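Colleague: Have a look at this one.
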Amino acid sequence: MNDRYSRQILFSPIGQEGQEKLAEKHVLMIGAGALGTGNAEILVRSGVGKITIVDRDYVEWSNLQRQQLYTESDANNRMPKVIAAKSRLEEINQDVQIEAKIIDVTPLEMGQLIDGVDLIIDATDNFDIRLIINDISQKYRIPWIYGAVVASYGISYTILPNETPCLHCLLQQVPMGGMTCDTAGVISPVVQMVVAHQSAEALKILTDNQEALRKRLISFDLWTNQQASIDVSTFKNTSCLSCGEAPTYPHLSYESQTKTAVLCGRDTVQIRPTSAGKRDLQTIAARLSNTGKVEQNSFLLSFTSEPHRLVMFHDGRVLVHGTSDVTEAKSLYYRYFG
Amino acid sequence: MKLLVNGNHLQVPSNVFTIADVITHFFKHDPIVIVEHNGIILEKNNHPKQIVADGDKIELVEFVGGG
Ligand SMILES: [Zn+2]
């Protein structure tokens, strides 16, 4: 026995009892990008019992500026993120059980991953998967912590089944994409700020200090020096299809999934998004103009970032050229269209 | 007119009358945003009806998806 956790045990709201509780808890981390690596490192150092980390991507050079578990050799070797993360996390604390899953999460997989999990941390990069997490959280009564960043802006909210409004209640609509870290950029300090909020809330939940939870939606911009904190409890909607009195968990159904199809012999994957509605191609073109070559006609927008070309139609349908790998295509889709 | 937006005193142009105008003024795109106006949370369908006045305190939280 060493004194690895002594400073955390000295912190009286956690104490020896909290430390022992933490060692029995299992956290599901969806995403191993900036938020995922930051949260995972803190929880592993803190001595959580087990973490399952899920991600579909491999490490790239553009990740190293903010994704703290990865190295140049991971980028050179195109290591799957969860494999690189697991190996680094095991160096940090061999007592924590780390499970790495290289998958593109769908409701089916979520249903299997959720077994025995005490808390889900959102470290994803799109709302489609967050709405799946939200429904799974409600269905299995497991809390989850929303966190997101873009540019110098961050936001977080802790969702407790039966107590707080859910993400569905807060959004009141299904987002049709927006700015992403690949179009508007992102700075590392705002990642760390969101990670700090998410992991502090996680420690409170995992050590049974629920009364200390923040209970407010917060956002901040570390560049324009703005911050907001809102009590959103009035948004809890008793007729919400995810958390209301008669839930149907709409985002777990087949109809609401992002549909993909490989177009045979064309090295192209078609993606049909979950959110219906006409896309404003003009706005999307402006957003992408700094990132690659954008061409447009009255029917579609074509965006090239070698070796890939993505074509979006007004109905939101996207053709990803230059790959026949569905997972890679979805990854590119969310990267550029959000 | 001056508004206290997310803790900062900001000047807005004279064509800003409602919360919906405030949102249009501060965002280039059409955001998913939760608004608190002088301590009261607004339903989305009230954004175009809610009139703002000099010195009002507004909290704007935009939902973003990056990570
Ligand atoms: Zn709800």
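The values are calculated or read from the model by the stated rules, or taken from the named source; none is laboratory data. Please read all numbers here as calculations on a predicted model, not as lab measurements. Every residue, glycine among them, receives a Cβ derived from its backbone with ideal geometry; neighbour counts consider all protein chains shown. SASA here: full protein model, heavy atoms, side chains in, ligands and nucleic acids out. Shrake-Rupley method; radii C 1.70, N 1.55, O 1.52, S 1.80 Å.
Colleague: At 1.4 Å probe size, with every protein chain present, just tell me what the per residue accessible area of chain A comes to in Å². Please report the intermediate quantities before stating the final value.
Modeller: On the way: 14680 Å² over 338 residues.
On a per-residue basis, chain A sits at 43 Å².
Colleague: Here is a further query. Would you mind counting up the charge near A:Gln94? Only other residues with Cβ under 14 Å from its Cβ, with Lys and Arg at +1 and Asp and Glu at -1.
Modeller: Numbers: positive: A:Arg4, A:Arg45, A:Lys50, A:Lys86, A:Arg88; negative: A:Glu90, A:Glu91, A:Asp95.
Result for the neighbourhood of A:Gln94: +2.
Colleague: If you roll a 1.4 Å probe over chain B with all protein chains in place, what percent of the accessible area is carbon or sulfur?
Modeller: On the way: 1820 of 3430 Å².
Carbon and sulfur together cover 53 percent of it.
Colleague: Measuring from centroid to centroid over Cα atoms, what is the spacing of the range A:289-334 and the range A:40-80 in Å?
Modeller: The distance from the Cα centre of the range A:289-334 to that of the range A:40-80 comes to 27 Å.
Colleague: While we're here: Between helix A:188-206 and chain A, what is the angle of the helix's C-alpha long axis to the longest principal axis, kept within 0 to 90° and rounded to the nearest 10?
Modeller: Approximately 50 degrees, to the nearest 10.
Colleague: Right, another one. Taking the simple approach of a point 7 Å from Cα along Cα-to-Cβ for both A:Asp325 and A:Glu306, what is their distance in nm?
Modeller: So the two model labels end up 2.0 nm from each other.
Colleague: For B:Lys2, which lysines qualify as cross-link partners when the Cα separation must be under 16 Å and same-chain residues fewer than eight apart are set aside?
Modeller: Correct list for B:Lys2: B:Lys57.
Colleague: Okay, moving on. For the range B:2-63, what is the accessible area per residue in Å² when the probe is 1.4 Å?
Modeller: Averaged over the residues of the range B:2-63, the accessible area is 54 Å².
Colleague: In addition: Can you sort A:Ser137, A:Ser12 by 1.4 Å-probe accessible area, starting with the largest? Walk me through the numbers on the way to the answer.
Modeller: On the way: A:Ser137 0, A:Ser12 100 Å².
So the residues, ranked largest to smallest area, are A:Ser12, A:Ser137.
Colleague: I'd like to know how the protein assembly as shown sits against the 2.2 N^0.38 Å rule of thumb: what's its Cα Rg over that expected value? Intermediate values should be presented prior to the final figure.
Modeller: Numbers: Rg = 21.3 Å, N = 405, 2.2 N^0.38 = 21.5 Å.
So the protein assembly as shown has a normalised radius of gyration of 0.99.
Colleague: Report, in listed order, any pair from A:Lys139/A:Lys204; A:Lys215/A:Lys330; A:Lys86/A:Lys215 with a Cα-Cα distance greater than 30 Å. Intermediate results must be reported in sequence, preceding the final value.
Modeller: Numbers: A:Lys139/A:Lys204 22 Å; A:Lys215/A:Lys330 33 Å; A:Lys86/A:Lys215 32 Å.
From A:Lys139/A:Lys204; A:Lys215/A:Lys330; A:Lys86/A:Lys215, over 30 Å: A:Lys215/A:Lys330; A:Lys86/A:Lys215.
Colleague: A further question follows. Relative contact order for the range A:197-319: what is it in percent, counting Cα pairs under 8 Å that are at least 6 residues apart? Write down the numbers at each step before the final one.
Modeller: Values: 140 pairs, mean separation 16.1, N = 123.
Normalised by residue count, the contact order of the range A:197-319 is 13 percent.
Colleague: Only four residue types carry charge here, +1 at the Cβ of Lys and Arg and -1 at the Cβ of Asp and Glu. Report the dipole size of the protein assembly as shown about the Cα centre in Debye, rounded to the nearest 20. Please report the intermediate quantities before stating the final value.
Modeller: Values: 37 positive and 46 negative charges, 112 e Å.
Dipole size: approximately 540 debye.
Colleague: Using Cα centres only, tell me the gap between the range A:250-276 and the range B:6-30 in whole Å.
Modeller: Here the two parts' Cα centres lie 37 Å apart.
Colleague: Looking only at A:Tyr70, A:Tyr254, A:Tyr146, which one moves most when chain A is put into a Gaussian network model with springs between Cα atoms under 10 Å?
Modeller: Largest GNM mean-square fluctuation: A:Tyr254.
Colleague: Taking the Cα centre of chain B as origin, work out the dipole magnitude from +1 charges on Lys and Arg Cβ and -1 charges on Asp and Glu Cβ, in debye rounded to 20.
Modeller: The dipole magnitude comes to about 80 debye.
Colleague: How large is the dipole of the range A:291-338 about the Cα centre if only Lys and Arg carry +1 and Asp and Glu carry -1, each at its Cβ, rounded to the nearest 20 debye?
Modeller: On the way: 5 positive and 5 negative charges, 15 e Å.
Result for the range A:291-338 is approximately 80 debye, rounded to the nearest 20.
Colleague: Connecting C-alpha atoms closer than 10 Å in a GNM of chain A, tell me which of A:Asn126, A:Asn162, A:Asn76 has the biggest fluctuation.
Modeller: It is A:Asn76.
Colleague: For chain A, take the longest principal axis of its alpha carbons; what is the angle in degrees between that and the long axis of helix A:81-92, to the nearest 10 within 0 to 90?
Modeller: 20 degrees
Colleague: Taking the dipole about the Cα centre of the protein assembly as shown, with the C-beta of Lys and Arg at +1 and of Asp and Glu at -1, give me whichever of A:Leu89, B:Thr18, A:Asn237 is farthest to the positive side.
Modeller: Highest projection toward the positive end goes to B:Thr18.
Colleague: For the pair A:Ser6 and B:Lys2, how long in nm is the line joining their label points, each one 7 Å along Cα→Cβ?
Modeller: 5.3 nm
Colleague: Could I ask something else about it? So what's the net charge close to A:Leu206: Lys and Arg +1, Asp and Glu -1, counting the other residues with Cβ under 13 Å from its Cβ?
Modeller: On the way: positive: A:Lys21, A:Lys25, A:Lys50, A:Lys204; negative: A:Glu17, A:Glu20, A:Glu24, A:Asp118, A:Glu201, A:Asp208.
Local net charge: -2.
Colleague: While we're here: With a Cα-only, solvent-free Debye model of the range A:76-128, what are the log10 I(q)/I(0) values at q = 0.15, 0.16, 0.22 Å⁻¹?
Modeller: Calculated log10 I(q)/I(0) at the listed q: -0.56, -0.64, -1.10.
Colleague: Moving on. I need to check one value: relative contact order of the range B:2-63, counting alpha carbon pairs closer than 8 Å and at least 6 residues apart, in percent. Kindly include the intermediate steps, with their values, before the conclusion.
Modeller: Numbers: 89 pairs, mean separation 29.1, N = 62.
Value for the range B:2-63: 47 percent.
Colleague: Another question, then. For chain A, set up a GNM with springs between Cα atoms under 10 Å and report which of A:Asp135, A:Asp315, A:Asp57 has the largest fluctuation.
Modeller: Evaluated over chain A, the most mobile residue of the options is A:Asp315.
Colleague: Nearest 5 percent is fine: what portion of the DSSP beta bridges confined to chain A is antiparallel? Please report the intermediate quantities before stating the final value.
Modeller: Working: 40 of 58 bridges.
Rounded to the nearest five, the antiparallel share is 70 percent.
Colleague: Rounded to the nearest 100 Å², what is the buried accessible area between B and A, both sides summed, probe 1.4 Å? The partial results should precede the final answer.
Modeller: Values: alone 4650 and 15740 Å², together 18110 Å².
Summing both sides, the interface buries roughly 2300 Å².
Colleague: Placing +1 on the Cβ of each Lys and Arg and -1 on the Cβ of each Asp and Glu in chain A, which of A:Leu131, A:Met312, A:Val150 has its Cα farthest towards the positive end of the resulting dipole?
Modeller: Projecting each Cα onto the dipole axis, the largest value belongs to A:Met312.
Colleague: Oh, and also: Net charge near A:Phe313: determine it from the other residues with C-beta under 15 Å of the C-beta of A:Phe313, scoring Lys and Arg +1 and Asp and Glu -1. Could you put the intermediate results ahead of the total?
Modeller: Values: positive: A:Lys259, A:Arg272, A:Lys278, A:Arg279, A:Arg309, A:Arg317; negative: A:Asp280, A:Glu295, A:Asp315.
That works out to +3.
Colleague: Can you tell me the mean projection area, over all orientations, of the convex hull of chain B's alpha carbons? Units nm², please.
Modeller: Numbers: hull surface 18.9 nm².
So the Cα hull casts an average projection of 4.7 nm².
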